[in-house]
């Protein structure tokens, strides 16, 4: 139902769902707080983190250091482990009680479940997997006879498989809600010792037939480091040729102190696990150096790595789109170039060590 201008005017502030798991704040929460600070400035408002869980009060100061002016803490035994119903009840109750103008949620496994559920309960829209968020006018270009609204949240996201970009607004309802993929937004530098106003709020939790029972939590054990944390990534695509051929990429990664990652085609072929996939349907990464080896450079892949500081492309096709985004490009056979590059790096390291 469309809200009246008077109803919309009651909604103030930029809120961030501060996801925590096992009493540790997820990185996406800090990224969203950084973006929230940017969005709050032109609106002349403040930033509020919504912290939901059990015995999580110790996490408040960390959220303050990363930009939260206020932290609303919803602390209850029913929130100890993530379950859709109690968490959706908690966040939707906060929205109904405090009336935020904007709500940001990470597009994690939890956020992709929680965000749409909450938006339906508070009867507003939600734009998923946003890559750009900004405050501006809507419609973007003034249309004769139609009022152009100011200070709207403009939510930009890839559409139609990444082949076009859509900018979406929610002018008739509040809050304006968006989910954002991890790695897309930038954290601010933390301010040591910063404090936030703390608001303890509990809407009450009465288990009903929508409350699932968690019998056991089994954590996967993996020695694979998260590629989103890597400073150097050596990424391979279909052009590598075979899973066995990834050995030469692994040797380069070992020599340069990086990690191996890959494109979707590699995952679809069963050569590498999904955890290593970079791209629109994988992970968004921002390493200092990104080697794109045997990767053509489809827009879906580029969307996940174009913010890398330095991009080095190696491909036998001189017309490959990857060269359009690369800082350095080498046209040739990766089977010859990559081993030579690895050998040169090893030689340089040995020479430096001898000195």
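Derivation of every value follows stated rules applied to the coordinates shown; laboratory data play no part. Owing to the predicted nature of the structure, the values given are computational and were not obtained by experimental measurement. Don't worry about glycine lacking a Cβ; one is built from the backbone with ideal geometry, like all the others, and counts go over all protein chains shown.
Observations on the model:
- Angle between the chain longest axis and helix 246-256 axis [Cα atoms, degrees, rounded to 10]: 80 degrees
- Counting neighbouring Cβ atoms within 10 Å and putting the fewest first, the residues 167, 127 line up as 167, 127.
- Counting beta carbons within 10 Å around each of 205, 17 and listing the fewest first gives the order 205, 17.
- Counting other Cβ atoms within 10 Å as a rough exposure proxy, the listed residues 308, 296, 354 run 354, 296, 308 from fewest neighbours to most.
- Packing, taken as the mean count of other beta carbons within 10 Å per residue, orders the peptides 113-121, 135-143 from highest to lowest as 113-121, 135-143.
- The range 227-354 - convex hull of the alpha-carbon atoms, volume per residue in Å³: 92 Å³
- Computed from Cα atoms, the angle from the helix 334-354 axis to the main principal axis of the chain rounds to 90 degrees.
- Each peptide in 255-263, 89-97 receives the mean, over its residues, of other Cβ atoms within 10 Å, and ordering these scores from highest gives 255-263, 89-97.
- Rough spin-label spacing in nm, given labels placed 7 Å along Cα→Cβ, for residue 187 and residue 318: 4.4 nm
- Computed FRET value (nearest 0.05) for residue 199 with residue 77, which takes r as the C-beta separation and R₀ as 22 Å: 0.65
- For the chain, the relative contact order comes to 14 percent (Cα pairs under 8 Å, sequence separation of at least 6).
- Rounded to whole Å, sorted largest first: equivalent-ellipsoid semi-axes of the chain, Cα gyration tensor: 41, 25, 19
- Percentage relative contact order, the range 5-200, counting C-alpha pairs under 8 Å, at least six apart: 29 percent
- For the range 5-200: rounded, prolate or oblate by the Cα gyration tensor [a/c cutoff 1.5]: prolate
- Gained length - residue 269 relative to residue 210, 0.36 nm times residue gap less alpha-carbon distance: 17.4 nm
- The chain: angle of helix 84-98 to the longest principal axis, Cα-based, in degrees nearest 10: 60 degrees
- Average Cα contact separation per residue, the range 127-177, under 8 Å, 6 or more apart, as relative contact order %: 35 percent
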